1. I'd like the full set of residues that are part of a loop (DSSP other than H, G, I, E, B), out of contact with any strand residue (DSSP E or B) (no Cβ under 9 Å at 6 or more places or on another chain) and surrounded by 13 or more Cβ atoms within 10 Å (Cβ to Cβ), limited to segment 22-41.
2. Can you spot a residue in segment 42-57 that is without any contact (Cβ under 8 Å) to a residue 12 or more places away in the chain and surrounded by 12 or more Cβ atoms within 10 Å (Cβ to Cβ)?
3. Taking the criterion of being more than 22 Å from residue 84 (Cα to Cα), surrounded by fewer than 18 Cβ atoms within 10 Å (Cβ to Cβ) and in contact with a helix residue (DSSP H, G or I) (Cβ under 6 Å, 6 or more places away or on another chain), would at least one residue in segment 177-186 satisfy it?
4. Residues that are at pLDDT 95 or above, closer than 23 Å to residue 49 by Cα and in contact with a strand residue (DSSP E or B) (Cβ under 9 Å, 6 or more places away or on another chain): which strands (runs of 3 or more DSSP E) entirely in segment 139-242 hold 3 or more of them?
5. Consider residue 117 carefully, then state whether it is out of contact with any strand residue (DSSP E or B) (no Cβ under 9 Å at 6 or more places or on another chain), surrounded by fewer than 20 Cβ atoms within 10 Å (Cβ to Cβ), within 21 Å of residue 211 (Cβ to Cβ) and at pLDDT below 95.
6. Scan segment 55-71 and tell me whether some residue there is within 14 Å of the chain's Cα centre (by Cα) and either farther than 18 Å from residue 103 by Cβ or assigned to a strand (DSSP E or B) (or both).
7. List every residue pair whose Cβ atoms lie under 6 Å apart, where the two residues are 6 or more positions apart in sequence or sit on different chains, the first residue falls within segment 203-217 and is free of Cβ contacts under 8 Å to residues at least 24 places away in the same chain, and the second residue, located anywhere, is surrounded by fewer than 23 Cβ atoms within 10 Å (Cβ to Cβ).
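The values are calculated or read from the model by the stated rules, or taken from the named source; none is laboratory data. Not measured: the values here are computed from a predicted model. Note that each Cβ is placed from the backbone with ideal geometry, even for glycine, and that neighbours are counted across all protein chains shown.
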């Protein structure tokens, strides 16, 4: 954690609609996170991580883009799994084309990518897809470093692709109150599940980790707030046990 006297902390205002869906308004330009510089990166700490997870918001402009890529490079040199969530927030970008270009550039560094149906439609430039078209679009965006691509589908669960295979993990049906943070919860569960098995890539480990991710994401929607709604591991295990 670092502090800056040059700018305030960013704020996100969330408006909730029916079924827990939401819209965002942001207060930044600049905010402290936008001023993160490469010299602020703790290279030793980054190199010691087992997983390095990043999104696209820190890639919007300099110096935070260079700082993110510097931290990513240290983590990769240390042997970390590189995980990416594009996390599309168009109002933060100068244009849709700039967002697509930089988000896809960020995609190229990742070993694991989690993307929503809506983000896949945006990044592929082809609009909404049905389930039968997911694999074609996934392979179109594939690169040699990628080991796992996950497309989240809300309560329908998720589908996934590896270099050799494809599959799905069913979701959990809950009554959503606030979907803010559901994607973050999903990624947290997915990465925790992979770490439980030393980042193995066999089918059973991947699908077990995806089920854990689906459970965390579902539970997150049953409470208000992005951070307060994140459940404990014990709560997730009780939920999954039924």
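1. 36, 37, 41
2. Yes: segment 42-57 contains one or more residues that are without any contact (Cβ under 8 Å) to a residue 12 or more places away in the chain and surrounded by 12 or more Cβ atoms within 10 Å (Cβ to Cβ).
3. Yes, some residue in segment 177-186 is more than 22 Å from residue 84 (Cα to Cα), surrounded by fewer than 18 Cβ atoms within 10 Å (Cβ to Cβ) and in contact with a helix residue (DSSP H, G or I) (Cβ under 6 Å, 6 or more places away or on another chain).
4. Those strands (runs of 3 or more DSSP E) span 148-152.
5. Spelling it out, it is not the case that residue 117 is out of contact with any strand residue (DSSP E or B) (no Cβ under 9 Å at 6 or more places or on another chain), surrounded by fewer than 20 Cβ atoms within 10 Å (Cβ to Cβ), within 21 Å of residue 211 (Cβ to Cβ) and at pLDDT below 95.
6. yes
7. Partner pairs satisfying both residue conditions: 205/197; 208/193; 209/193.
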